[in-house]
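The numbers here are math on the coordinates, done by the rules we state, and not lab data. Predicted model, so just to flag it, every value in this text is computed and none were measured.
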Amino acid sequence: MNLLRNKILVVEDNKTCATILSELLRKRGYEVQVAIDAGEAAAKVRIERFNLIVLDLFLIAADPFGGPH
């Protein structure tokens with residue numbers, strides 16, 4: 001028995017896209033959290049573990065993870 005729920009962080013600045021994606025994932029049994037920018041995502045991963053991060057590659061905000069802009 002898997003005691004850990006599969007947790008997914010959706011990083012998406014478009015509210016409509018974030019809502020649609022998170023609802024589809026929830027309906028399939030995943031625990032989903034949403035961050036609207038890279039800074040919020042960085043804050044969430046510092047305090048919680050996620051099995052998967054779905055990242056909008058075209059976010060406007062600076063990347064706190066140190067990746068290309």
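Data overview
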| item | result |
| --- | --- |
| Full-extension gain in nm, Leu57 to Lys7, via 0.36 nm per residue minus C-alpha separation | 16.0 nm |
| Amide H contacts under 5 Å for Leu55, placed H, 5+ residues apart | Val11 |
| Derived scalar couplings ³J(HN,Hα) [region 43-55; Karplus, 6.51 cos²θ - 1.76 cosθ + 1.60; whole Hz; x for Gly, Pro] | 5, 5, 6, 6, 10, 9, 9, 10, 6, 8, 10, 9, 10 |
